[in-house]
1. What number of residues within segment 80-103 are closer than 20 Å to Ala216 by Cα and surrounded by 14 or more Cβ atoms within 10 Å (Cβ to Cβ)?
2. Can you tell me which residues in segment 468-491 are under 12 Å from Pro340 (Cβ atoms), part of a loop (DSSP other than H, G, I, E, B) and either open to solvent by 10 Å² or more (accessible area, probe 1.4 Å) or acidic (Asp, Glu) (or both)?
3. Which is buried (at least 18 other Cβ atoms within 10 Å of the Cβ), among the β-branched types (Val, Ile, Thr) and within 30 Å of Arg410 (Cβ to Cβ), of Thr261, Thr246?
4. So which residues in segment 492-541 are open to solvent by less than 30 Å² (accessible area, probe 1.4 Å), within 21 Å of the chain's Cα centre (by Cα) and of a type in the set (A, V, I, L, M)?
5. Looking at segment 135-163, which of the residues that are on the phi > 0 side of the Ramachandran plot and touching a helix residue (DSSP H, G or I) at 6+ places or on another chain (Cβ under 8 Å) is most open to solvent (accessible area, probe 1.4 Å)?
6. Only one residue in Glu244, Glu192 is farther than 19 Å from Gly448 by Cβ, assigned to a helix (DSSP H, G or I) and not hydroxyl-bearing (Ser, Thr, Tyr). Which one?
7. Listed residues Leu151, Leu105, Leu181, Leu127; which is part of a helix (DSSP H, G or I) and not charged (D, E, K, R)?
8. All but one of (1) among the acidic types (Asp, Glu); (2) more than 26 Å from the chain's Cα centre (by Cα); (3) in a helix (DSSP H, G or I) hold for Asp54; state the number of the condition that does not hold.
Amino acid sequence: MGGNRVLTVKRRLALVGILVAGAVPAGVPAATADTGAADVAAVAAVEWGPCTEDTQAMLPAETAGQYSCGTYRVPIDHDNAALGTIDLALLRRAADEPGRRIGSLFLNPGGPGGPGRTMPIAAESFLEPRVLDRFDVVGFDPRGVGESAPLRCFTTGEDSSEVFSRAVHVPQTLREISDTLATFRDYGGFCERNAGSLLRHMSTKDVARDLDLLRAAVGDAKLNYVGFSYGTLLGATYANMYPENTRALVLDGNVDPELRTGDGLRYDRERARGFEYALDAFLDACKRAAPRCAFGEGSPRQKFDELLRRVREKPVKLPDGTKVDLSTLVNGVGGALYSPGAFTGLAEDLQKVYGVAVPSANTKLTALTGRDIGTLLNPPSNVRHDVRPDSAYTGHDSYFAVNCSDKSFRHTQDRLPVLAGEWERKSPVFGRYQAFADPAGCPVWPGGTDAYRGPWNGETEQPVLVIGNYYDPATQYRFAERMADQLGHARLLSVDAFGHCILGDSDGVDKAVGDYLVNLTVPPPGQVYEPNERPFAAGPS
C-alpha cells in the first residue's frame, strides 16, 4: 500500500499541550502559519540529546556515540494555532565525517503509518558509506505515528479486538461482506469519539508542512530526503509545495500522485492489477527456474489457478487441521511478493498446500503442519495475549487517517459488493482483496480531507530521482513512469527486479543514488539497472 508488507486485518482496517490563541510555542515559526516555507532563522532548532534506554539498546555498539534523539513541536493545524501542538519524535545518526558534512538526510519508510524514527539505525543497509560520511541521517515518526502523538481510536485493547473480530481480508458471503463493512463503520465511530482534533489533520500535506519545519530546525536551507512507497507521495508533495527548498529527493517504489489523490477508486483498482502482474511474473520465473522452484513442475499458472478455485469453494485442511482459506492464500501470496527473498519459501508452501488440495499430485504430506508453511501463513496477532482485562490500547490508527484524507473517493459503502465483483473479474486474485481495504473504509471515515492534490509539476532545481522495479507488486512500474512524467523535473531509474523498493538490493542503484545525494550527479536517461540477486537461488545477475 504503499507499506512495506501486506497488512493484518486490524492494520488494514487501520495501524499535547493546548495553546492559548496567539501564543507561539518553541519549535513553531514566529511568522504567521501559512503554506510558505519555514526560514531557518525563524524557527527554534532541534535540541538533540541522549536517547532513552530502550533506544540505546537498539544502537550498534561501534557507532552508538553518533546517535542522539529529540522531539520537535509542531501545530496540530498549521493554519490555526489555537488547536494546540504535538511533539514529533526524532533520531539522528551524525555524519561520519562532520567536517565535510553536506547537511541532514531525512528518511520515511512509507505505510502510511510506518514509524521512521529508528530508520537511521539501519541506514548502512541501504545507503553507501560515502552518504553516511557526508550526511546526518534523520528519522522521524510522522504525526499520529509511533512516538509522535500516536492517533488512537480505542481506549482499550478489548474494544479494538471486538471491532475487528468479524472482519476478513477477502469477504465472499453476504454475511462476511456485511460484517466487514460494519467493522469499518464501527471503527470510524470509535475514531470520531476518541481520536481528538488530530484526526482531521493527518493528510500528507500536513506531514509535508511538518517536514519543512524539521528541515529548517536542523539548520538546512534545502531538503535532502529518501522516501519509500507511500513516502514517495510525501516527497512529491514536498517538492511541489516547497520546490525552492528542495535539494535532492530520492523516491523508491513510487505511487501515482495524481491518480492517488484525484481518483482513489481507480488507483486502488490499478493497485490490484499491479499485484496480479507481479504474481504472473513470479509464476513465470518459477516455471523457468524449475527444479529450483518447488512449484515449478508442470504449469505453475494452472496449478495456482486450481488452488485458488479450491480454496474459494472450501478451505483446504492440512493434515494437522490448519486451514488455508481464500484470505490466507491471498494475504500470504501478496505479502511474499514484496520480497524476492521469500519466493523460494512461497513456492515450497504453495506446492505443499497444492499437494493437499489436489490429491492426484501424489505428494507425501502426512506430517505437514502449519509450521511448515510459514511463508504463506500470516495469522492476525492475538491482541489478548498477555494483556490484562481493560488494558490500555497502545496501537495507533494512522493508516486510514492518512489515506482517507489524501485519496478522493466518491462512492458510498453500499456499492462495495458490486465493485468487489467487478474488480475480481478483472483481477481474480487481488481484486476483491483491494476493494475491501480503503474503498470500503474511507467512505465512512470521519477524518479530514484537506489534502494536497496538485499541481505536480513544480520545478525543483535538481531533478527528483524516481526509482521503479519492473515487477513491484504494491507500486507497479507504471506508477513510477507516471511519477517521473508528472513531476516538473525528474529522472527515472528503471530496475529489472521483483519486489517492493530496491535500495540496498542493487549495487548499481545504490551507486547512482550515492552520486546523486553527494555530488548531485544525475544518472543518464534510459539505463536499466539490475538487482544483486535473482529469485530461486539463480545466483548473481
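The values are calculated or read from the model by the stated rules, or taken from the named source; none is laboratory data. Being a predicted model, the structure only gives us computed values, none of them experimental. All Cβ positions, even for glycine, are placed from backbone atoms using ideal geometry, and neighbour counts span all protein chains on display. Heads up: the accessible areas ignore ligands, DNA and RNA and are worked out on the full protein's heavy atoms, side chains in. Shrake-Rupley method; radii C 1.70, N 1.55, O 1.52, S 1.80 Å.
1. 15
2. Listed by number, the list holds a single entry, Asp472.
3. The unique qualifying residue is Thr261.
4. Leu493, Val495, Ala497, Ile502, Leu503, Val509, Val513
5. Going through segment 135-163, the residues on the phi > 0 side of the Ramachandran plot turn out to be 144, 146, 149.
Okay, now just the ones that are also touching a helix residue (DSSP H, G or I) at 6+ places or on another chain (Cβ under 8 Å), so 144, 149.
Values: Gly144: 0, Ala149: 30 Å².
Selected residue: Ala149.
6. Values: Glu192 fails: farther than 19 Å from Gly448 by Cβ.
On inspection, the qualifying residue turns out to be Glu244.
7. Numbers: Leu151 fails: part of a helix (DSSP H, G or I); Leu105 fails: part of a helix (DSSP H, G or I); Leu127 fails: part of a helix (DSSP H, G or I).
When all the criteria are applied, what remains is Leu181.
8. Failing condition for Asp54: (2).
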